[in-house]
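Just below is one structure, and these are the notes that go with it.
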Amino acid sequence: MGICIDKIPHDECGTRRGLQVFLQDDESVSGYCFNCETYVANPYGDDKPKDYRPADKAPKTQEEIQEELKDINSYGVQTLHDRRLNEATLEYFGVKIGVSGEDGKTPLSHHYPYKKDGVLKAYKNRLIESKQMWFTGEPKGVDLFGWEQAIASGNRRIFITEGELDAAALWQMITRSQKNTQYADRVPAVVSLTRGAAGATKDVKNAMDALAAHFEDVVLVFDNDQAGESAIQSVLKVLPKALTVALPAKDANACLIEGKSKAAVNACMWKASVAKNTSLIWGTDLIAAGREEAKWGLSWPWKGLTQLTRGIFTGKTYYFGAGVKIGKSELVDALAEHCIIEHNWKMFTAKPEQSNVITFRKIVGKAAGRIFHDPKIKFDYDAYDAWAPKIAPQLCMVDLYQHLGWESLKADIRSAAAEGVKGVIIDPITNLTVGLSAGEANSKLQEIAVELSSMAMDLDIAIFIFCHLNAPADKPHEMGGQVLSKQFAGSRAMMRSCDYMLGLEGNKDPDLPSDEKNRRDLIVLEAREGETGRVKLAWSPISGRFTEV
């Protein structure tokens with residue numbers, strides 16, 4: 001997909017501005033001469049690199065952009081016989097057809113309008129012969145193709161296709177099937193993604209609120225190929241209740257061309273269903289996989305913990321508990337930094353009891369071996385500048401403070417997973433039950449635990465949950481009291497649903513020497529796989545790190 005950035009002469013045919021230059025997504029440029037209808041791979045000359053662009057090329061002015069849109073908007077519309085799309089369908093969607101300058105009839109290009117809040121912002125242009133596509137105008141932030149018509153239809157079910165021609169084909173097939181029936185006046189709501197399967201998740205995320213406001217059902221009618229299936233799985237991470245369709249041909253337009261309209265309409269109208277995330281698996285399917293040697297997961301920041309748990313695995317949930325001010329947050333920050341730097345994971349943290357700036361400083365500090373959040377310690381700008389750019393693109397956080405709702409957090413986790421996040425940290429989980437009675441809180445945590453376990457598997461992510469422990473009956477945790485599984489918030493539910501339960505023990509008695517006050521035991525209390533045991537840690541007030549003793 002490209003954007004027109006220049007109009008230059010073409011020596012082959014003599015045109016002065018007919019050769020248009022397009023900037024592609026990979027920063028390379030290519031060209032097409034509309035005068036002699038020729039594709040030009042390197043419009044600025046073979047002696048220039050593929051990504052060459054004149055340094056003095058000024059961005060287009062608003063006047064120039066509007067003039068180009070006005071020019072395309074003046075094109076006519078006609079039936080596309082090769083696509084079996086009639087003129088009325090294309091006119092409904094506002095599609096324009098560019099024709100040959102020689103006979104004034106032969107279609108050369110398609111032009112699909114893109115709007116924002118009803119205002120035309122761009123056209124996506126497609127050359128019929130070379131299939132090259134580019135945008136004219138300002139496509140950033142536009143609505144889905146056909147969105148204005150979908151809203152006006154009043155329909156409560158919306159169909160989303162991968163491409164504009166598929167949307168037009170599906171709309172035409174459904175409309176024809178309803179002719180001379182009781183549904184003749186019912187206009188189908190059909191839209192298309194802006195950039196195909198590759199941009200599916202981003203498009204759906206941007207439209208989620210509007211989709212929820214106007215429609216009850218969202219049906220994904222993506223291409224019947226690997227790219228379409230991958231796009232469906234990605235979109236379901238952010239829109240898990242979306243329905244899916246199995247088309248009888250590669251895509252909606254292919255169904256129309258191949259005479260499979262009836263089957264396609266039947267699939268979309270009556271056989272759309274929620275994608276199954278589970279299925280029956282027989283032992284005979286697992287013989288080869290079962291014969292493979294068991295594999296280690298990714299390392300923890302501490303070798304002893306890696307040995308006890310066999311490593312960090314996606315699809316698992318890990319529940320940590322600690323007494324007040326024992327060092328729970330230090331574990332959180334160390335874990336986030338380790339996964340980012342050591343494993344190149346994208347991490348998502350929900351820490352409503354701490355500002356995002358402090359969280360960022362602490363995680364950068366773990367990487368740098370410095371402390372950036374304490375005014376008593378001189379700020380090391382060189383260390384910060386060296387490590388902050390490495391952490392920043394791998395870390396995302398919840399934009400909330402002191403309040404965390406489960407429904408909103410659940411949506412945020414799905415959105416983060418769709419952006420490539422592999423590790424999720426929730427600290428503390430009890431923030432999700434603020435204001436509930438003890439009984440209500442336990443019930444809510446039981447519900448959350450089950451959903452988190454399912455989400456870890458469905459989204460292929462690792463989820464790390466942290467909580468403050470319930471006070472013991474005898475010695476307080478901060479004075480060296482023993483950590484037990486029953487002291488965790490929602491302990492029974494968490495024992496059942498989480499794969500591991502880990503506690504942090506320590507003694508902050510002010511009369512103890514500093515080195516003893518900074519000692520901690522990280523204990524594996526419950527392990528679905530691996531074993532229970534202790535890992536000895538010591539915290540350094542200089543580096544801000546827990547190191548294994």
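Sort 500-508, 447-455 for me by packing, meaning the mean count of neighbouring Cβ atoms within 10 Å per residue, highest on top.
Ranking the peptides 500-508, 447-455 by packing returns 500-508, 447-455.
Can you list residues whose amide H is under 5 Å from V40's amide H, if they're 5+ apart or on another chain and H is modeled 1.01 Å from N?
Here the answer is G31, Y32, C33, since their amide H atoms fall under 5 Å of that of V40.
If packing is taken as the mean number of other Cβ atoms within 10 Å per residue, what is the order of 179-186, 418-425, highest first?
The packing order, highest mean first, is 418-425, 179-186.
For the chain, what does -39500 (n - 2.57) per DSSP helix run (n ≥ 4), summed and divided by total residues, give at 222 nm, in deg cm²/dmol to the nearest 500?
-10000 deg cm²/dmol
Please report H214, H468 as a ranked list, fewest other C-beta atoms within 10 angstrom at the top and most at the bottom.
In increasing order of surrounding Cβ atoms, one gets H214, H468.
Which entries of K250/K271; K325/K475; K303/K390; K328/K508 show an alpha-carbon separation above 20 angstrom in the structure shown?
K303/K390
So for the chain: antiparallel DSSP bridges make up what percent, rounded to the nearest 5?
Once the DSSP bridges in the chain are tallied, antiparallel ones form about 60 percent.
Could you put F145, F379 in order, starting from the residue whose Cβ has the fewest other Cβ atoms within 10 Å?
F379, F145
Write down the percent of antiparallel bridges among all DSSP beta bridges whose residues are both part of region 316-508, to the nearest 5.
In region 316-508, DSSP labels about 5 percent of beta bridges as antiparallel.
Is the C-alpha gyration tensor of region 316-508 telling us rounded, prolate or oblate? Criteria: a/c under 1.5 is rounded; beyond that, a/b larger than b/c is prolate, otherwise oblate.
Oblate shape, in that a/c is at least 1.5 and b/c is the bigger or equal ratio.
For each cysteine in the chain, check whether another cysteine's C-beta sits under 4.7 Å from its C-beta; list those where none does.
C4, C33, C255, C268, C339, C396, C467, C498
Suppose each label sits 7 Å from its Cα in the direction of the beta carbon; what would the E440-A263 distance come out to in nanometres?
It is 5.4 nm.
Classify region 334-428 as rounded, prolate or oblate, taking a ≥ b ≥ c as the square roots of the eigenvalues of its Cα gyration tensor: rounded when a/c is under 1.5, otherwise prolate if a/b is larger than b/c and oblate if not.
Oblate.
Tell me, how many Å apart are the Cα centres for region 125-196 and for region 1-23?
30
Within 10 Å, count the other beta carbons around each residue, average over each peptide in 73-84, 153-164, and list them highest first.
153-164, 73-84
Using alpha carbon centroids, what distance separates region 489-549 and region 219-293, in Å?
When both Cα centres are located, 45 Å separates them.
Which FRET efficiency, nearest 0.05, do E12 and R496 yield, Cβ-Cβ r, R0 60 Å?
0.25
Is the shape of region 155-227 best called rounded, prolate or oblate, per the rule: a/c under 1.5 gives rounded, else a/b larger than b/c gives prolate, else oblate, with a ≥ b ≥ c the square roots of the Cα gyration tensor eigenvalues?
oblate
The numbers here are math on the coordinates, done by the rules we state, and not lab data. These figures come from a predicted structure and were not determined experimentally. Cβ coordinates were reconstructed from backbone atoms using ideal geometry, including for glycine residues, and neighbour counts include every protein chain displayed.
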